[in-house]
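The values are calculated or read from the model by the stated rules, or taken from the named source; none is laboratory data. Everything numeric in this text was worked out from a predicted model, so none of it was measured. All Cβ positions, even for glycine, are placed from backbone atoms using ideal geometry, and neighbour counts span all protein chains on display. Please note that ligands, DNA and RNA were not included when accessible areas were found on the heavy atoms of the full protein model with its side chains. Shrake-Rupley method; radii C 1.70, N 1.55, O 1.52, S 1.80 Å.
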Amino acid sequence: MKKILKSLPFKLLVGVIVGMVLGLIANEAFMNVIVTIKQLLGEIINFCVPLIVIGFIAPSITKLGSNASRMLVTALILAYVSSIGAAFASMAAGYAIIPHLSIVSEVEGLRELPEVVFDLKIPAVMEVMSALAFSLLLGLGVTWTKSKRMEELLDEFQAIVLAIVSKVVIPVLPFFIAATFCGLAYEGTITKQLPVFIQVILIVMVGHYLWMALLYILAGLYSGKNPLEVVKHYGPAYITAVGTMSSAATLAVALRCAGKSKVLRQDMVDFGIPLFANIHLCGSVLTEVFFVMTVSQILYGSLPDLGTMILFCLLLGVFAIGAPGVPGGTVMASLGLITGVLLFDATGTGLMLTIFALQDSFGTACNVTGDGALTLILTGYADKHHIEADS
């Protein structure tokens, strides 16, 4: 019993429940404190994210030795195929389901959160995508030059980052999640805004689970390993993603969850999980495709034509690879597609952002959990091609 009470999933669930209860009964003075705490904790987590990316990806690439370039290309292809596969599946569901739904487009007003009392900014050393590009180039450069000294430094840096994750990031996550849900409950998002698109959100969530199931089934068939041995460890990562709405902020927990699996190679976990956290956004892509079709039906009276949607899906897969793994990152990165390809006006864009935000946490959870399946495929690929980590 004591072990359960100390476990990360239990702490995260407590954070969600306590946050929601406090948000429903809180007054403005109390929320001043909560939003300030959330802002501070968010700054700490966001500061650590680029360090985690560099600390895991760069050393992992050096351990792949001469196979680094091949594994990187394989990972990029896996992420893109998964994203556009989810997009096309969502598109097909949209054409089949949306015309038969009766959806109300009006959304009730929300209570505004008070301003942050003490706005302390802690800028990260670099943007997440800059850290990702730096990690890839640094890791490949060390591999190409066979720099043993730099490889040892990267290994030491990884140990430092692991200590930061264990002693800083993971302990503050339950408090950050509690503050997030407290804010949602206070605003009224949970009690007022959610029922407006409950049908659409539920359909999308079913789509998330179906896509995750497909990914893990395919990963198991390809690798010849039991995918349940990966999935069963992903509960804490899923809950964290729901609470943080950020693949990047969930990275520390996802690494811990994947590391517990007996069928995933540790070098593939260290390489794949941080990489996929930034380039594999299948749940967000699936959600966005279904929602843009829904908004088009609501505001403009019809669904986009098939050719337009195919182009949108193919380009969205590219944008998803470059989108930051932060709350709303996919939809924000693809606003140019929404306005340029689908020709949404300001009203359509605003409605799209609103309903996307309502389920962003579950789309993120799908992204994070799907990373485990792709890492299992990477493990199978490495085993089949006799790719061993350099000692």
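Working note: Karplus 6.51/-1.76/1.60 with θ = phi - 60° gives the stretch 215-231 the couplings 4, 6, 5, 5, 5, x, 5, 6, 7, x, 10, 6, x, 5, 5, 8, 4 Hz, where Gly and Pro are set to x.
For I17 paired with H386, estimate the spin-label separation in nm (one decimal), with each label point 7 Å from Cα along the Cα-to-Cβ line. Going by the 7 Å Cα→Cβ label model, 5.4 nm. Taking the square roots of 5 times each eigenvalue of the Cα gyration tensor of the stretch 203-290, largest first, gives ellipsoid semi-axes of 20, 17, 12 Å. In sequence order, the stretch 131-143 has phi-based couplings of 5, 5, 5, 4, 4, 5, 5, 5, x, 5, x, 5, 5 Hz under the Karplus curve 6.51 cos²θ - 1.76 cosθ + 1.60, θ = phi - 60°, and Gly or Pro positions carry x.
When S90, S147 are compared by accessible surface with a 1.4 Å probe, the order from highest to lowest is S147, S90.
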